[in-house]
Amino acid sequence: MLIAVPLSDQNLEEDLRAVKRLGADIVELRVDMFERTEPDYVLSWVKRAKEIGLSTILTIRSPEEGGREVPNRERIFELVSPYADYTDIELSSRALIPYVRNLTKTSDKKLIISYHNFELTPANWILREIFREGIRWGADIVKVAVKANSYEDTARLLCVARQEEGQKIIISTGKYGKISRVSGFIFGSVISYAYYKQATAEGQLSLEEMVKLREMLYS
C-alpha cells in the first residue's frame, strides 16, 4: 500500500522533507491550492520532490470537483505531466482527458482518472459504470472517492471495487468511511491518502497514523 500526502506550495520545501521522513511514498501536488501556478514553477517542485525521494501526483482539481479554477491548466499539464509519476484528471473533464492521456502515455507515466461525490455513495450499478468508464477513457488507475453516509455505503464501495478489473484507488469519505483508508488495499486499492499537519475533511487519517497502521497490518 502506497501512502500519498496532498500538499500546497506553502512551506513546501519543509513539508516535502517532513513527509519523506515520516514515511510517505508520494506527494500529491495540489496545484489548484498553489499560490503560484506558473508551469515552470510547478515543474520545479515536481523535480524537487523527486530529488528528496518522493514520487509525485500532479493534480489540478477542477472547481466542479472540489478545486478551483486555474487558467493555465492545460499548459501546466503539457509541461509537467511528462515529469510527474502520476497525473490525476477528473472523469468529468472529458474534453481534456484524451490530451492528458496522450501526454502520460508518450512519457511512460501513469494516468489517474478520478470521480468524486461529496454527498453520497451512488448505487452499485453506477459505481461499476464509473470504474468501467474510467478504463474506457484510458486510465491506468481509476480513483473513486465518495461520501459514506453509513457503514453499508463503505462496504458497498469496497465490494464493488474488488470485483472490477484494473488498478484503482477507493476512498469512502466521512466518519463512516475512515476504515476504507486502510482496508482499501485488501480490496484492490493501490494508493491511500493521508494528511500532514491538518485534516481537511472528516474521516481523514494523519500520515503518522497511516504509516503505523501499514506497518501493523501489512508488514
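The values are calculated or read from the model by the stated rules, or taken from the named source; none is laboratory data. All figures in this text were calculated on a predicted structure; none of them were measured in a lab. No Cβ is skipped: glycine too gets one built from the backbone with ideal geometry, and neighbour counts run over all protein chains shown. In case anyone asks, the SASA skips ligands and DNA or RNA and just uses the protein heavy atoms, side chains included. Shrake-Rupley method; radii C 1.70, N 1.55, O 1.52, S 1.80 Å.
A few points about this structure:
- Take the Cα of R162, step 7 Å toward its Cβ, do the same at A95, and the gap between the two points is 4.1 nm.
- What a 1.4 Å probe finds exposed on the chain is 50% carbon and sulfur by accessible area, rounded to a whole percent.
- Flagged links, alpha-carbon separation over 19 Å, of K47/K110; K147/K168; K147/K175; K50/K109; K109/K178; K143/K197: K109/K178; K143/K197
- Accessible area in square angstrom per residue, the chain, 1.4 angstrom probe: 47
- Sequence-ordered 3J(HN,Hα) estimates for the range 124-135 from the Karplus curve with 6.51, -1.76 and 1.60 and θ = phi - 60° stand at 4, 5, 6, 4, 4, 5, 4, 4, 6, 5, x, 5 Hz, glycine and proline given as x.
- Within the range 18-124, the proportion of Cα pairs with more than 22 Å between them is 31 percent.
- As computed over the range 94-217, the Cα convex hull volume per residue (Å³): 120
- Largest-first principal axis extents, alpha carbons of the range 108-159, Å: 39, 17, 17
- Cα centroid separation, the range 128-173 to the range 34-98: 22 Å.
- Kirkwood analysis of the range 169-219, using all unique Cα-Cα pairs, places the hydrodynamic radius at 11.0 Å.
- Counting only Cα atoms, the size of the chain along its three principal axes is 45, 38, 28 Å, in decreasing order.
- Computed from the Cβ-Cβ distance with R0 of 22 Å, the FRET efficiency linking N11 to E202 stands at 0.35.
- Remark: spin-label model distance E69-E38 equals 2.3 nm, labels positioned 7 Å along the Cα→Cβ axis.
- Distant-in-sequence amide contacts of Y195, defined by a placed amide H-H separation under 5 Å and a gap of 5 or more residues or a different chain, comprise L205, S206, L207.
- Between the beta carbons of I126 and I186, assuming R0 = 22 Å, the FRET efficiency works out to 0.45 to the nearest 0.05.
- Label zone at E209 (point 7 Å along Cα-to-Cβ), backbone N below 12 Å, the range 177-192: 177-182
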